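Down below is the structure, laid out as structure tokens.
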Amino acid sequence: MDTAYVTAITIEDHRMAVRGDSTRPVSETVHLQSLPYELFPGLVREARTTLGVRDPRSWRIDVTPGTGAGAGPRVRVTVTGKEGTAHLDADATARITDRRAVGESG
């Protein structure tokens, strides 16, 4: 990809994928260099240990543009295990804004 602005980023164990759309305005994209990559391991640890998935088999980070004026990207960490799938959402500073543990709906 020859642009630093992308529409979505997915990070899984040993793999990162990015999607772009050159027709979208910059306000609907995420700048790759602005992401707090150093905070991602802590978010994964939080998701793996606090969402009711006792033995997570996989994890995934999805980053998408935030909504609203001046909103930074939204970071979602999803963990999956035999109990089910759960996720937490955070902002670009790793502040958790929402969480859905196994068994919760919504």
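The values are calculated or read from the model by the stated rules, or taken from the named source; none is laboratory data. Nothing here was measured: the structure is a model prediction, and the numbers come from that model. Neighbour counts run over all protein chains shown; Cβ positions are idealised from the backbone, glycine included. Ligands, DNA and RNA are excluded from the accessible area calculation, which covers all protein heavy atoms including side chains. Shrake-Rupley method; radii C 1.70, N 1.55, O 1.52, S 1.80 Å.
With a simple spin-label model that places each label point 7 Å from the Cα along the Cα-to-Cβ direction, the separation between Q33 and A8 comes to 2.6 nm. Label separation (T67 vs A94): 2.7 nm, computed from points 7 Å beyond Cα along the C-beta direction.
Values [x] 26, 14, 12; [y] 37, 14, 12; [z] 28, 21, 9 are given for comparison; semi-axes √(5λ) of the Cα gyration tensor in Å, derived from the coordinates here, is the one labelled [x]. Can you tell me, using C-alpha contacts under 8 Å and at least 6 residues apart, the relative contact order of the chain as a whole percent? Relative contact order here is 23 percent. Our helix-only sum for the chain, with -39,500 (n - 2.57) per DSSP H run of n ≥ 4 divided by its residues, gives a mean residue ellipticity at 222 nm of -3000 deg cm²/dmol. Stretching the chain fully between T23 and R57 yields a gain of 8.6 nm (0.36 nm per residue, less the alpha carbon separation). Against the chain, whose longest principal axis is taken from its Cα atoms, helix 40-50 shows a tilt of about 30°.
At a probe radius of 1.4 angstrom, the accessible area of the chain per residue rounds to 61 square angstrom.
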